[in-house]
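For reference, the structure discussed in these notes is given below.
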Amino acid sequence: MQFTHVARGSRRGLVLAGGGLVDALGTGLFLVLIPVYVVVRLGIDPVQVGVVVGAANLIALASPGPAGWLSDRIGAGGVWTFLLLVRTIGYAAFPFVSSFWAYAVLLCVLGLADRASAPVQQLFLLQAERPENRSRAMAVLRTARNIGMSVGLLLGGVVVSIGTDAAYFTGFAINALSFLVLLAVVRVLIRRGRGRVPEPVEVAVESAERRKAVLKDPRYLTLVAGNAILLLHDSVLFTLLPLWIITRTPLADGWVGPLLAINTVLTVGLQVPLTRWTRTIPAARRTAIRALVPLLAAAALFLTAENASADVVLLVVVLAVVLITVGENMHSVSAFELSYRLAPERSMGAYLGAFDFGQAVQFAVGPPFMTVVVLRGALTGWGALGAAFAVGTVMMAAAARARR
């Protein structure tokens, strides 16, 4: 019902969301399989795995900008096609990895392709949709990906419980095939005349100065930095929360999965309705500011939970997860709207590449911040997180006001 309602008048958005759902299913499956596979099956030390993941995230910082610029030049469809082929081949190679160095090289290469795909996917959607449909189509895509991710995580648990080589290889194959499904969707939309830059001639005459314009746009760079800081909520949920529950609360380890599921389910229900609050730049700005309230309240509740009695800590943590999920979704819909509305149409790929670069920085810096700062001291840690949320909100609001 929700997909049909949101995609009404936008069949392209619904088709793309279907491909995104399958892609996310494979991703969720892979995220469960790979840490167990490399540590248990291949015998790679967990510390080495952590180092490789961090290195891959840092190396991946190099890809969003060039991918966005290239999409401006030749069209997002062609760039995304190439990236999906690279990811299909790369992820299909994991069953053949037998050493630490092979794992490290493969993960770093795929990190570049994964991060490059984010701005290209967003630009493809923007080029495929009419302006009035863009926000709702992006919300549908995010909703579909959350559903697919949830299913993939559950399937990953089944594969791990089976534990045979055949089960793992089947899981890796499903992930690789999911990229081919999305690739087929992209090619169908391209053949229908969608997902291309408006006029190759106009893009070809774009000067070097215009391509570098985003680096000389302090207001957009302020938006990028503020968004990256606010994205710490992602690291809270997927890096900090599991470690925090295990080390700082009396909750059983088994609560990690259900608590993360609360985030997934709420996101499915919130993404689409919240787009009604972000249809203009001023509206998106107000939504970003309002998101600070649940984010700060969640940080305060997490701090409270560390000193709460065993019989109420679960209730406090559940409420905190609900609030940070609400804030996360309010921030994400407003950030998407501002990311393209504040970018020049002819240089949108380069601008979105810069915007995604900020997200990539958070993925590299956020997890260490969570573990080093927040876990080190309750009041100092959660206080620093709340302060970071406030700073990020001020920066986003200032950037949006400056471009009104």
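Below is a table of values for the structure above.
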item	result
Whole-angstrom gap from region 286-363 to region 50-120, using each part's C-alpha centre	25 Å
Spin-label pair Ala173/Val372, simplified geometry with 7 Å Cα→Cβ offset, distance in nm	4.3 nm
Solvent exposure of the chain as accessible area per residue, Å², 1.4 Å probe	42 Å²
Rough spin-label spacing in nm, given labels placed 7 Å along Cα→Cβ, for Thr164 and Ala283	5.4 nm
Table column - 3J(HN,Hα) (Hz), region 224-232, Karplus curve with 6.51, -1.76, 1.60, x for Gly and Pro	4, 5, x, 5, 4, 5, 5, 5, 4
Spherically averaged projected area in nm², based on the convex hull that wraps the Cα atoms of the chain	18.8 nm²
Cα convex hull of region 18-121, projected area averaged across orientations, nm²	6.4 nm²
Solvent-accessible area, 1.4 Å probe, carbon plus sulfur percent, for region 30-118	77 percent
At R0 = 56 Å, FRET efficiency that the Cβ-Cβ distance of Ile246 and Arg341 yields, to 0.05	0.85
Integer Hz, Karplus 6.51/-1.76/1.60 couplings in order for region 387-397, x for Gly and Pro	5, 5, 4, 5, 4, x, 5, 4, 5, 5, 5
For the chain, calculated [θ]222 nm from helices alone, where every DSSP H run of n ≥ 4 adds -39500 (n - 2.57)	-26000 deg cm²/dmol
Percent carbon-and-sulfur accessible area, region 330-404, ignoring ligands, DNA and RNA, probe 1.4 Å	66 percent
Spin-label pair Arg41/Arg276, simplified geometry with 7 Å Cα→Cβ offset, distance in nm	4.6 nm
Cα-centre dipole for the chain with unit charges at Cβ (Lys and Arg positive, Asp and Glu negative), debye to 20	1500 debye
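The values are calculated or read from the model by the stated rules, or taken from the named source; none is laboratory data. Just so we're clear, the structure is a prediction, and the values are computed from it rather than from any experiment. Every residue, glycine as well, gets a Cβ built from its backbone with ideal geometry; the counts of neighbours run over all protein chains shown. The protein model used for the area step is the full one, side chains on, heavy atoms only, and it has no ligands, DNA or RNA in it. Shrake-Rupley method; radii C 1.70, N 1.55, O 1.52, S 1.80 Å.
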